[in-house]
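What follows is a short report on a single structure.
The values are calculated or read from the model by the stated rules, or taken from the named source; none is laboratory data. Everything numeric here is computed off the predicted structure, so don't read it as measured data. All Cβ positions, even for glycine, are placed from backbone atoms using ideal geometry, and neighbour counts span all protein chains on display. Just the protein is used for accessible areas: all its heavy atoms, side chains included, with ligands, DNA and RNA removed. Shrake-Rupley method; radii C 1.70, N 1.55, O 1.52, S 1.80 Å.
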Amino acid sequence: PYVISSLLDALNVFQRDTLAYQRGCDAIPPNKLDSLNSKLLEIERVLNVGLTALSAIDDWTIYPHQQVLADANGLKTALAALRADIPDRRTALQALESIGETILGTKFSYEVYQKLLARKHPNFQNLQWASMGKLPIPVDVMTEYRAIKSGEFTAAIATLESKHEQQIVQLNKRLQDMTTVLNRAQRLLTEMLAIVGLE
């Protein structure tokens with residue numbers, strides 16, 4: 001897809017110019033070091049802010065696309081299991097349990113689970129770091145989980161398809177945002193190389 005190729009192109013260009021800087025950095029005149037260090041710190045800030053996200057599940061830092069991609073893959077696996085000639089209920093349930101915090105939804109009431117998801121939504125008013133940490137929009141698959149347990153595969157497939165499509169939209173947006181970050185860092189790197197004639 002275009003969003004993936006654009007991200008890879010941006011990454012390749014950035015890596016190419018990074019290597020050019022590394023090869024020529026030993027020959028940089030001392031009087032250029034202060035301006036170069038300033039540019040390097042600016043690049044570091046752009047990359048750290050733009051390419052770091054918080055995991056809503058574990059207290060880790062991850063890339064902004066990681067959780068969304070994992071959830072999309074979980075939905076894809078569940079759909080494949082349900083569409084098999086002989087639907088694989090166990091695989092479908094395990095795939096859904098791997099999505100977001102679904103495993104907690106299987107242990108608590110649905111009302112409590114919904115409150116948990118609301119608190120981890122990027123727009124939650126009392127959780128300022130949610131949007132700053134690029135938390136993904138939570139995926140609630142408990143209705144489908146219970147339908148699959150009850151053998152209602154057709155109903156589950158219909159809504160899981162919609163949720164998978166929503167995840168792909170969210171994933172593509174995050175990949176586009178990461179490309180924008182790399183392009184911004186690339187422009188700063190180009191300016192830095194020009195200072196010392198390494199462009």
Looking for whichever is under 30 Å from ALA20 (Cβ atoms) and either among the acidic types (Asp, Glu) or modelled with pLDDT under 95 (or both) here; the options are GLU191, GLU165. Which one fits? GLU191
Can you tell me how many residues in segment 53-63 are open to solvent by less than 70 Å² (accessible area, probe 1.4 Å) and either in contact with a His (Cβ under 6 Å, 6 or more places away or on another chain) or among the acidic types (Asp, Glu) (or both)? 1
What pairs come out if I take residues in segment 150-166 that are in contact (Cβ under 8 Å) with a residue 24 or more places away in the chain and pair them with residues that are open to solvent by 60 Å² or more (accessible area, probe 1.4 Å) whose C-beta lies under 6 Å away, six or more apart or interchain? none
Could you tell me which residue of segment 1-52 is surrounded by the most Cβ atoms within 10 Å (Cβ to Cβ), considering only residues that are of a type in the set (A, V, I, L, M) and farther than 15 Å from THR180 by Cβ? LEU36
Can you tell me how many residues within segment 106-119 are under 20 Å from GLN67 (Cα atoms), open to solvent by less than 70 Å² (accessible area, probe 1.4 Å) and out of contact with any Pro (no Cβ under 6 Å at 6 or more places or on another chain)? 4
Does ILE99 satisfy the criteria of being surrounded by 15 or more Cβ atoms within 10 Å (Cβ to Cβ), part of a loop (DSSP other than H, G, I, E, B) and of a type outside the set (Ser, Thr, Tyr)? yes
Given (1) closer than 21 Å to THR52 by Cβ; (2) open to solvent by 60 Å² or more (accessible area, probe 1.4 Å); (3) not in a helix (DSSP H, G or I), where does ILE86 come up short, assuming only one miss? (1)
Give me the residue from segment 64-81 that is in contact (Cβ under 8 Å) with a residue 40 or more places away in the chain and under 14 Å from the mean Cα position of the chain (by Cα) and, out of that set, surrounded by the fewest Cβ atoms within 10 Å (Cβ to Cβ). LEU69
